[in-house]
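J.: Next up is a structure, given as structure tokens.
The values are calculated or read from the model by the stated rules, or taken from the named source; none is laboratory data. As the structure is a computational prediction, the values presented were derived from the model and not from experiment. Heads up, the Cβs are rebuilt from the backbone with ideal geometry, glycines too, and the neighbour counts pull from every protein chain shown.
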Amino acid sequence: MPPLPRRSRHVPLLAAAVAVTLCAALPVPAGADEPAPSARRNLTFVAHTSFDTAVQLRSGTRSATKVAKGSVRLKSPKNTRAFSGRRYHVGTWTSPWVTESSDLSELIPSWQASTPGDSWIEVRARVRSAAQTVGSWDTMARWSSTDRWIKRSSLSGQDDDLARVNADTLQVPAGATGWQLRVKLMRRTGSKAQPSLDRVGAMASRVLPRTAGTPASKAGVAAGTVLDVPAYSQMTHRGHYPQWGNGGEAWCSPTSTAMVLQYYGVNPAAGQAFTPAGHADGIVDWTAQQVYDHGYRGTGNWAFNTAYAGTLLRSSHVTRLPDLAAAEPHILAGTPLIVSVAFGRGQLTGAPISATAGHLMVLVGFTPEGDVVVNDPAAPTNASVRRTYDRAQFENAWLGGSGGITYVLED
């Protein structure tokens, strides 16, 4: 019997300093008492399941695809579909059902793929209720590593049966206990392009809001460790490229992604040389282009950021972490984390912005006392990006704002 797909316990992050909040914690039902802190852990559920080895990928069902060299690839596809005035051969990989130990209210898929030439992938998801009602397939993304042939896009809406799509998140208002993914691989008819699916998975969760005044986690193994992540300000790009979000406040996610990729030394030469007239750090503009979601019309799609990073790194995914204690082993291992926060006026002392409904930054380490060291791209200059935040305030902004959403990018 093949081993189960790798599972890890984590918690999710909010991915954009834009007006739209892409991921919100579930409210306590009207009239319900706020659960005691000791009970809250039992009411919060997060699980990440990933199919990324050949054995795990072979556990899925395949049509006109094969598993070769550790990836799903097309195998003599016969079926075709029309899209954007062109015709494509289609192959499909469908995951087995993943049954969770608790009810989920959100599902956030993420993937790593290669799409050379005129090829692309489509990612779909569906859920199953505790009563064994199976929802319809909802299209989460049409994705390619380039916008040359198709426009990379999420498909919000699809309000039907059990779930609805909100950019990168499948929302399940009534809850579900199981889920399944389907990935379609497409290549232009007559082409020899070979798209591949290298990893796919999803983070299932049900997260309650964090109550004000919840004690911070205690400083742990990474106290005193700070990673040398290069600093980029998103604000120095204000007004750049309206077609990719217009820079400035809208670019916290690609700026954070660019910083981590620069830390690993994998930003591509083309991106490094992307220096539009009149400003520096063209790699930030380049990254914004690579992660831009034409459906959402922004650069804050969590899965699109990790999918782009995954074309350059060994591993990338979106998840949730329960607290800073869970983040510390990543920092100790040399892995900076991109985290999503939200806070009101006066709730994060020293922040370059007074308040935000959703903002991404890079967690780069901890002081010896356990306070949080970050690269906050909302700072006005590169020189002011490195910041230190109070541990309790930061943890409240992160867990209370997005439920702990995090991009884990590993070299």
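J.: Could you pull out every one of the helices (runs of 4 or more DSSP H) wholly within segment 246-321 that has 1 or more residues that are of a type in the set (Val, Ile, Thr)? Before you say what the answer is, go through the steps one by one.
T.: Working: elements: 252-264, 269-272, 282-291, 302-310.
It comes to 252-264, 282-291, 302-310.
J.: Within segment 365-411, how many residues turn out to be touching an Asp or Glu at 6+ places or on another chain (Cβ under 8 Å), buried (at least 24 other Cβ atoms within 10 Å of the Cβ) and either without any contact (Cβ under 8 Å) to a residue 24 or more places away in the chain or part of a loop (DSSP other than H, G, I, E, B) (or both)?
T.: Result for segment 365-411: 2.
J.: Report those strands (runs of 3 or more DSSP E) wholly inside segment 156-245 carrying at least 2 residues which are over 24 Å from the mean Cα position of the chain (by Cα). So that I can check it myself, show each step before the final result.
T.: On the way: elements: 157-160, 163-166, 169-188, 196-206.
In segment 156-245, the matching strands (runs of 3 or more DSSP E) lie at 169-188.
J.: Take the conditions in the same structural domain as Pro77 (by TED's automatic domain parsing), touching a strand residue (DSSP E or B) at 6+ places or on another chain (Cβ under 8 Å) and farther than 28 Å from Arg73 by Cβ and apply them to Gln180. Does it pass?
T.: Numbers: in the same structural domain as Pro77 (by TED's automatic domain parsing): yes; touching a strand residue (DSSP E or B) at 6+ places or on another chain (Cβ under 8 Å): yes; farther than 28 Å from Arg73 by Cβ: no.
No: the conditions fail for Gln180.
J.: Here is a further query. Only residues that are among the aliphatic types (A, V, I, L, M), under 29 Å from Trp111 (Cα atoms) and surrounded by 17 or more Cβ atoms within 10 Å (Cβ to Cβ): list them for segment 333-356, please.
T.: Our first condition is that a residue be among the aliphatic types (A, V, I, L, M); within segment 333-356, this holds for 333, 337-339, 341-342, 348, 351, 353, 355.
Next, only the ones that are under 29 Å from Trp111 (Cα atoms) stay: 333, 337-339, 341-342.
The answer is Leu337, Ile338, Val339, Val341, Ala342.
J.: Identify the single condition in (1) surrounded by 17 or more Cβ atoms within 10 Å (Cβ to Cβ); (2) in contact (Cβ under 8 Å) with a residue 24 or more places away in the chain that Ala280 does not satisfy, given that it satisfies every other one.
T.: Of (1) surrounded by 17 or more Cβ atoms within 10 Å (Cβ to Cβ); (2) in contact (Cβ under 8 Å) with a residue 24 or more places away in the chain, only one is false for Ala280: (1).
J.: Against the condition touching a strand residue (DSSP E or B) at 6+ places or on another chain (Cβ under 6 Å), at pLDDT 95 or above and crowded, with 19+ Cβ neighbours inside 10 Å, how does Arg152 come out, does it pass? Give the steps one after another, and end with the answer.
T.: Details: touching a strand residue (DSSP E or B) at 6+ places or on another chain (Cβ under 6 Å): yes; at pLDDT 95 or above: yes; crowded, with 19+ Cβ neighbours inside 10 Å: yes.
Here the answer is yes, as Arg152 does meet what is asked.
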